[in-house]
Amino acid sequence: MARTGAAAPKGAKRDDSQRSAGLSREQRLELYYFMRLTRQLEERLVNLYRQTKVVGGLFRSLGQEADAVGSAYALDRSRGDMLSPLIRNLGSMLVQGAKPNEIIRQYMAKGDSPTRGRELNIHYGDLVRGFIGQISHLGEMVPVMAGVTLSFKMRRQNRVGLVYVGDGATSTGAFHEGINFAAVQRCPLVVIVENNGYAYSTPLSKQTAAKQLVDKAIGYGIPGEQADGNDVIATYEVTKRAVDRARAGAGVTLIELMTYRRKGHAEHDNQSYVPPGEIDRWAAENDPIDRYVKRLLSEGFDASELEAIDRRVAEEIDRATDEAEASPMPEPADALVGIYADPPGVDPLWFREGVKSAVDVHERPSSWGTHDV
């Protein structure tokens, strides 16, 4: 199992004989926590953006939280699994150990952000916690992760890599070359295509003649699976199968997650290219958090358990916002530090006093599921 659960909450009935997708009760609650944290963190960033406190653009994953959280949750950090997120995969970084306060600092370009104000949004990585900083050029992280996972194989390390691309990126040369190379080399890599229907603004039907993107796997000689990306359990299951195949030496799997982006490419995008009523229909019928809440309640969870998580998330984000607002902006002279091999001007957040380790990122009640460390 990718994650390990802990004792059941006081007063709760634990039914291990009826686990959902092999996940314990605590792990299923943790999936809800990460999806709720992703959405509420982005809502707070929208608030800061409208106050002109965010530097640069703001990219939302509204409607896609389940695919990022469910897929990342299938990795095993205790084995050193790695992932490469894109701009709509904040949830995957949170699962791997990123903290709300560093995300907010990044968007606000603060001097004590992970990149010391030199880069923005989620353009940063941490090899210890298992996520690699992204390259914005579409598809470029596929060959990068092919190389990363080839290194796992050459070192005989039982590790798996996961890389995200959007539907638009599947038309790029980098995607083709990267996945083809990884397939030939039988790299332990999972390639997730998030099909939200529009790339930046181009409908899928105007981008490719393929009826479904999972069919591209045939051309590379690798397994391909398609799943409902708005169902966090279905996403976890399909990714877990691919991770297990990769770890067993069976090479690459291509996964197409069917989802929907309910906000534009960024906050400046008014989505005028979307047919009237389409966004509202997806929100009403396929919101991933609403769907998961209904599932949890039907499986015997109490609403009070979810409300407790909601309160915890709100407190974490309020605290992270206060910390980020109080952080200083970068010193101009710091732009000259660390260009080549100089020591960093500011220690990364995860090496600061009070942070026990690179994966000690969220304090949770002992009754919750915990990440392998």
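The values are calculated or read from the model by the stated rules, or taken from the named source; none is laboratory data. The shown structure was predicted, so the numbers you read here are calculated from the model rather than taken from an experiment. A quick note on method: Cβ atoms are made from the backbone with ideal geometry, for glycine too, and the neighbour counts reach across all protein chains shown.
Restricting the first residue to the stretch 199-217 and requiring it to be in contact (Cβ under 8 Å) with a residue 24 or more places away in the chain and more than 24 Å from GLN271 (Cβ to Cβ), which pairs with a second residue that is buried (at least 18 other Cβ atoms within 10 Å of the Cβ) and small (Gly, Ala, Ser) meet a Cβ separation below 6 Å and a spacing of at least six or different chains?
VAL214/GLY224; ALA217/GLY224
Working carefully through the options LYS13, LYS53, find the one that is out of contact with any Asp or Glu (no Cβ under 6 Å at 6 or more places or on another chain) and either in a strand (DSSP E or B) or modelled with pLDDT of 95 or more (or both).
LYS53
Do we find a residue being in contact with a Leu (Cβ under 9 Å, 6 or more places away or on another chain) and among the polar types (S, T, N, Q) anywhere in the stretch 118-130?
yes
What number of residues in the stretch 243-293 are basic (Lys, Arg), under 20 Å from ALA66 (Cβ atoms) and surrounded by fewer than 18 Cβ atoms within 10 Å (Cβ to Cβ)?
2
Which helices (runs of 4 or more DSSP H) sit wholly inside the stretch 77-175 and have at least 3 residues that are crowded, with 22+ Cβ neighbours inside 10 Å and of a type outside the set (A, V, I, L, M, F, W, C)?
90-96, 100-107
If I ask for residues that are closer than 27 Å to ARG241 by Cα, assigned to a loop (DSSP other than H, G, I, E, B) and touching a Lys or Arg at 6+ places or on another chain (Cβ under 8 Å), which ones from the stretch 176-204 would you list?
GLN185, ARG186, CYS187, PRO188, ASN196, GLY197
Residues are listed down the side, and each one gets a yes or a no for (1) modelled with pLDDT under 95; (2) of a type in the set (Gly, Ala, Ser):
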site	(1), (2)
SER151	no, yes
ALA174	no, yes
TYR198	yes, no
SER201	yes, yes
ALA242	no, yes
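Would you confirm, using the coordinates I've provided, whether ALA199 is buried (at least 20 other Cβ atoms within 10 Å of the Cβ), under 30 Å from ILE279 (Cα atoms) and more than 16 Å from the chain's Cα centre (by Cα)?
When the stated conditions are applied, ALA199 passes them.
Being aliphatic (A, V, I, L, M), at pLDDT 95 or above and either over 19 Å from THR38 (Cα atoms) or more than 24 Å from the chain's Cα centre (by Cα) (or both) narrows it down to one residue among ALA333, ALA326, ALA341, ALA314; which is it?
Checking each option against the conditions leaves just ALA326.
Determine whether the stretch 59-68 contains at least one residue that is over 29 Å from ASP244 (Cα atoms), touching a Leu at 6+ places or on another chain (Cβ under 9 Å) and outside any helix (DSSP H, G or I).
Within the stretch 59-68 (the criterion being over 29 Å from ASP244 (Cα atoms), touching a Leu at 6+ places or on another chain (Cβ under 9 Å) and outside any helix (DSSP H, G or I)), the answer is yes, since at least one residue qualifies.
I need the full set of residues from the stretch 205-261 which are in a loop (DSSP other than H, G, I, E, B) and within 17 Å of the chain's Cα centre (by Cα), in order please.
GLY229, ASN230, ASP231, THR259, TYR260, ARG261
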